[in-house]
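Participant: The structure follows.
The values are calculated or read from the model by the stated rules, or taken from the named source; none is laboratory data. These numbers were taken from a predicted model, which means no experiment stands behind them. Every residue, glycine as well, gets a Cβ built from its backbone with ideal geometry; the counts of neighbours run over all protein chains shown. Just so you know, the surface numbers come from the protein's heavy atoms only, side chains and all, with ligands and any DNA or RNA stripped out. Shrake-Rupley method; radii C 1.70, N 1.55, O 1.52, S 1.80 Å.
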Amino acid sequence: MTRVDRDRVTVVTPDDHERTAHGDPLPSVGDWVGLAYGGPGGDLLVTTVLTRRSVLGRRSVGKAPDGQVMAANIDFVFIVV
């Protein structure tokens, strides 16, 4: 995953960039995913999100118990102030 836009994600395939329909759950930037053809207009569909090695996340807004994944499978984080 290189980009997530509401209900669509951009993935890097061996030959080019493709726009895909969303999966369930929606993957995050950095996720490794399994893809299949068959979406509307011949789009790729996300069928599988592979296990994440690491997660950069934050707490949800309000009283929701779950958090939000901002990026997955990252090796380094640089904080610039």
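Participant: Take every Cα pair under 8 Å in the chain that's 6+ residues apart, average their separations, divide by the length, and report that relative contact order as a whole percent. Write out the running numbers ahead of the final one.
Facilitator: On the way: 149 pairs, mean separation 18.0, N = 81.
Result for the chain is 22 percent.
Participant: Which Cα, out of His22, Leu45, Val80, lies furthest along the positive dipole direction of the chain (beta carbon charges, K/R +1, D/E -1)?
Facilitator: Positive-end residue among those listed: Val80.
Participant: Before I look further, what does the stretch 4-81 give for accessible area per residue, probe 1.4 Å, in whole square angstrom?
Facilitator: Numbers: 5990 Å² over 78 residues.
Heavy-atom accessible area per residue stands at 77 Å².
Participant: Taking every eigenvalue of the Cα gyration tensor of the chain, multiplying by 5 and rooting it, what semi-axes result, largest first, whole Å? Write out the running numbers ahead of the final one.
Facilitator: On the way: eigenvalues 122, 50, 25 Å².
Ellipsoid semi-axes (Å, largest first): 25, 16, 11.
Participant: Ordering Arg59, Arg3 by how much accessible area each has at a 1.4 Å probe, largest first, what is the list? Each step should come with its number before you reach the end.
Facilitator: On the way: Arg59 210, Arg3 135 Å².
Sorted descending by solvent-accessible area, the residues read Arg59, Arg3.
Participant: Mind listing the phi-derived Karplus ³J(HN,Hα) values for the stretch 2-15, rounded to whole Hz, using 6.51, -1.76 and 1.60 with θ = phi - 60°, and x for any glycine or proline?
Facilitator: Here the 3J(HN,Hα) series is 10, 7, 10, 10, 6, 10, 10, 10, 10, 10, 9, 9, x, 9 Hz.
Participant: Amide H to amide H under 5 Å from Ala71: which residues, 5+ apart in sequence or cross-chain, H placed 1.01 Å off N in plane?
Facilitator: Excluding prolines and chain starts, which carry no amide H, the hits are Leu56.
Participant: Got a number for carbon plus sulfur as a percent of the chain's accessible area, 1.4 Å probe? Mind showing how you got there, number by number?
Facilitator: Numbers: 3510 of 6220 Å².
For the chain, the apolar C and S fraction of the accessible surface comes to 56 percent.
Participant: So, with +1 on the Cβ of K and R and -1 on the Cβ of D and E, and no other charges, what is the size of the charge dipole of the chain about its Cα centre, to the nearest 20 debye? Mind showing how you got there, number by number?
Facilitator: Working: 9 positive and 10 negative charges, 96 e Å.
Rounded to the nearest 20 debye, it is 460 debye.
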